[in-house]
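The values are calculated or read from the model by the stated rules, or taken from the named source; none is laboratory data. Bear in mind that the values here come from a model prediction, so they are computed numbers and not experimental data. Cβ atoms come from the backbone with ideal geometry, glycine included; neighbour counts cover every protein chain shown.
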Amino acid sequence: MKALEPWVVQPLETFLAESAARLTLLMTSSGQVVAQHGFSRSLDVMTAAALGAGIVASTEELARLMGATRFEALVHNGLRQSCMLAAFATPRGRWIGLVVFGPETSVGIVRLFFNQMVQQLGAAAPREQPPAPMLAENFETELNASLKALFGR
Amino acid sequence: MTATHTALDRVTRVPGVRGALVVAAADGLVVAEQLMDGVDGQAAAALTGSLVGRLARTAESAGMRPPAFVHLRSDSGGILAALGPDELVLVAVIGPDANVGLARLEMLDAASRLG
């Protein structure tokens with residue numbers, strides 16, 4: 001498990017231990033990765049983050065069109081593995097969690113401990129101002145630095 | 001009234017029962033619930049669904065049939081679970097003074113009518 005922010009580590013470790021999730025990705029609503037567990041290639045993380053952020057944006061717009069509030073979570077059930085995508089509020093802005101899990105656990109368990117992790121993240125987040133928005137000219141440098149921190153290379 | 005709500009009514013009428021749920025065992029999600037304030041239905045469904053699933057797999061590994069009834073006891077009460085058809089589980093959250101014998105009879109009969 002790798003995280004860009006140290007205060008994310010404990011809540012995420014607890015979630016991973018309790019939920020038995022295979023892969024987990026925490027990212028901002030713009031798709032910037034905050035923490036990951038289980039991914040071995042940076043390309044997979046970048047792709048999953050981009051697709052996850054896009055899906056959440058689409059479903060939130062769909063909810064708005066239907067006159068509903070935001071959807072809590074989106075779950076794709078598969079025979080061998082399933083995927084849950086959920087957006088949540090943190091003191092650092094809106095984040096997205098992408099969790100892949102197998103038949104060794106259940107969507108109920110994953111949702112239960114995911115909600116607990118969200119509460120723990122809210123309590124653990126530092127109260128100082130979040131970093132300034134990333135500028136386009138710094139994007140590649142920031143992205144490379146983030147991937148290096150997450151994969152150690 | 002549906003079979004699910006009839007089952008919940010029968011179980012929650014037993015003295016000492018603090019709430020009852022019908023849970024989809026494979027998903028650990030609540031299908032229907034009748035709970036007193038302070039009982040977390042989502043947590044009860046997820047954890048009981050997981051427990052029942054693991055017990056069923058354990059029994060199968062030992063060459064036995066899945067358990068029909070599970071009683072998890074603690075100092076301050078307990079959890080009862082009766083397996084029904086279609087991977088549904090009837091769950092009761094009980095206090096320490098609950099009539100467990102009556103709850104068990106009601107749950108086994110009600111669970112067989114689920115689905």
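The table for this structure:
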read-out: Residue in the range B:16-32 that is farther than 29 Å from residue A:117 by Cα and away from every other protein chain (no Cβ under 14 Å) present; value: yes
read-out: Any chance residue B:44 is at pLDDT 95 or above, closer than 20 Å to residue A:106 by Cα and surrounded by 15 or more Cβ atoms within 10 Å (Cβ to Cβ); value: no
read-out: Unique match (being within 14 Å of chain B (Cβ to nearest Cβ) and either buried (at least 18 other Cβ atoms within 10 Å of the Cβ) or in a helix (DSSP H, G or I) (or both)) among A:26, A:112, A:43; value: A:112
read-out: Qualifying residue in the range B:80-95 (condition: touching a residue at least 24 places away in the same chain (Cβ under 8 Å), among the charged types (D, E, K, R) and touching a strand residue (DSSP E or B) at 6+ places or on another chain (Cβ under 8 Å)); value: yes
read-out: Hits in the range A:1-22 - residues which are under 20 Å from residue A:104 (Cα atoms), surrounded by fewer than 18 Cβ atoms within 10 Å (Cβ to Cβ) and not hydroxyl-bearing (Ser, Thr, Tyr); value: A:1, A:13, A:17, A:18, A:20, A:22
read-out: Counted residues, the range A:84-109 - those being in a strand (DSSP E or B), over 12 Å from the mean Cα position of the chain (by Cα) and surrounded by 13 or more Cβ atoms within 10 Å (Cβ to Cβ); value: 1
read-out: Test: residue in the range A:62-80 that is more than 14 Å from chain B (Cβ to nearest Cβ), in contact with a Cys (Cβ under 9 Å, 6 or more places away or on another chain), under 23 Å from residue B:43 (Cα atoms) and at pLDDT 95 or above; value: no
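Rundown of residues vs (1) in contact with a helix residue (DSSP H, G or I) (Cβ under 9 Å, 6 or more places away or on another chain); (2) within 14 Å of chain A (Cβ to nearest Cβ); (3) at pLDDT below 95; (4) not in a helix (DSSP H, G or I), yes/no style:
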{"residue": "B:34", "(1), (2), (3), (4)": "yes, no, yes, yes"}
{"residue": "B:51", "(1), (2), (3), (4)": "no, yes, yes, no"}
{"residue": "B:58", "(1), (2), (3), (4)": "no, yes, yes, no"}
{"residue": "B:73", "(1), (2), (3), (4)": "yes, no, yes, yes"}
{"residue": "B:80", "(1), (2), (3), (4)": "yes, no, no, yes"}
{"residue": "B:90", "(1), (2), (3), (4)": "yes, no, no, yes"}
{"residue": "B:97", "(1), (2), (3), (4)": "no, no, yes, yes"}
